[in-house]
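A short write-up of the structure that comes next.
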Amino acid sequence: WTCSCEQTFDLRPFGEEPTMAAARPQVTIFNVADGESSRRTVALPAVFTAPIRTDVVQFVHMNMSKNRRQAYAVYKETGHETPAESWGTGRAVARIPRVPGGGTSRSGQAAFGNMCRGGRMFAPTKVWRRWHRKINVNQRRYAAVSALAASALPSLVMARGHSIDEVPELPMVADDSMESIKSTKGAVDFLAKIGADDDVERCASSRKIRAGRGKLRNRRHVMRRGPLIVYSKNDGVYQSFRNIPGVDVCPVSALGLLRLAPGGHVGRFIIFSEGAFKRLDALYGTWRKKASERSYNLPRPTMTNSDVVRLINSDEVQSVLNPSKIAFCKIRYPKKNPLTNLNALLKVNPYAKTMKRNAQLFEAARKEQKAKILAAKRK
């Protein structure tokens, strides 16, 4: 496969259009019938050169995924369905409310507390919790633009786990006859001809039973995500692709982040129809004009050249840098104790050697004198 864009730009004054450092700013259109190149090309939409902000993608995805949650709570009277009252003091029992009555083991039992059997939980859940999140429209579009730009880089698509070794080119664009495929068999044949069947097989083989309670709540199986089919007009493409394992289908006018970056991870393998691919400039705009189908401008990169290594190693930067300094680091040894180490003591007090020698001579003289005295007494 080949890639039609890279995330590097030339150094230009602010306000000028960034230029792609790519060999081909054109994308090949492939035939649906045989999966071969049609010898026709289309200009790469500007959205694929937008900055890739994974932090924005993860933040927006985290908040958007909360908007599908349904409210849940425990019954508000749970644990309080008995007229329990405290017995007060003086009966050698705790002052927690107790179930009234007699003749049963339930009477006299502690109630209401979260530590009690049959009591309520601590801080009972309520349905008025803040389940959903509001997200700025510009942030949502920024995240979608970043996810689209990442889908054109083979390294990010492969890093996400997609099997695209047999795919001839990214972004992958098929002619408009893809939107007229009427059967699932024809859709499977089309994916095999363009080399996307490996990714579908990867998804089908990954189907397994969900870990956790969700397996009892109508979501028993989990499966990896495969190609995303993006179309402009539905002439049967939705019905033909929707039942293939791992494949998602979406109109180009409704591209959302949950489809473009499942799990908040950029680099989804996307297959465009020719009509959908040509509409991207109208939906997201270019560097020179706004989008015609909505009021939006593409985000401009903070750095016109994001290749930091290339910047540092450039002749312009290296020519004004000071020469590198060789740091002479003094070798540090463990500190020696002068009370137990003679060499350390002599460094601190050179006279200590003479003192030790004098002490040894004095001790030898004392022993000699004592031996003479003992010898004189024995005579």
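Let me know the shape class of the chain, please: from the alpha-carbon gyration tensor, a ≥ b ≥ c as square roots of the eigenvalues, rounded when a/c is under 1.5, otherwise prolate if a/b is greater than b/c, or oblate. Since a/c reaches 1.5 but b/c is at least a/b, the shape of the chain is classed as oblate. The residue among S240, T41, M121 whose Cα reaches farthest toward the positive pole of the charge dipole of the chain, with charges on the beta-carbon of Lys, Arg, Asp and Glu, is M121. How much net charge surrounds L228 when only the other residues with a Cβ under 9 Å from the Cβ of L228 are counted, with Lys and Arg +1 and Asp and Glu -1? So the environment of L228 carries a net charge of +2.
Across C329, C203, the residue with the most accessible area heads the list, and the full order at a 1.4 Å probe is C329, C203. With all protein chains in place and ligands, DNA and RNA left out, the 1.4 Å accessible area ranks S105, S65 as S105, S65, largest first.
Full extension of the segment from L311 to A365, taken as 0.36 nm per residue of separation minus the current Cα-Cα distance, would add 11.4 nm. Of the beta bridges in the chain, as assigned by DSSP with both residues counted there, near 40 percent are antiparallel. Using the Cβ of V32 as centre and a radius below 14 Å, the other residues enclosed give a net charge of -4, where K and R count +1 and D and E count -1. Gain on full extension, evaluated as 0.36 nm per residue between I326 and D55 minus their Cα-Cα distance, stands at 93.7 nm. If R0 equals 41 Å, the separation of the Cβ atoms of Q70 and S38 corresponds to a calculated FRET efficiency of about 0.30. If one puts a single equal scatterer on every Cα of the range 268-346 and applies the Debye formula without solvent, what log₁₀ I(q)/I(0) results at q = 0.15, 0.24, 0.27 Å⁻¹? At q = 0.15, 0.24, 0.27 Å⁻¹ the computed log10 ratios are -0.84, -1.11, -1.18.
Once the chain from E77 to I209 is taken as fully extended at 0.36 nm per residue, the excess over their C-alpha distance is 43.9 nm.
Each Lys and Arg Cβ is given +1 and each Asp and Glu Cβ -1; about its Cα centre, the chain then shows a dipole of about 4420 debye.
The values are calculated or read from the model by the stated rules, or taken from the named source; none is laboratory data. Fair warning: this is a prediction, and the values are worked out from it, not measured in the lab. Because the Cβ atoms are built from the backbone with ideal geometry, glycine has one as well, and the counts that use them run over all protein chains shown. Protein only, heavy atoms only, side chains kept; ligands, DNA and RNA dropped before computing areas. Shrake-Rupley method; radii C 1.70, N 1.55, O 1.52, S 1.80 Å.
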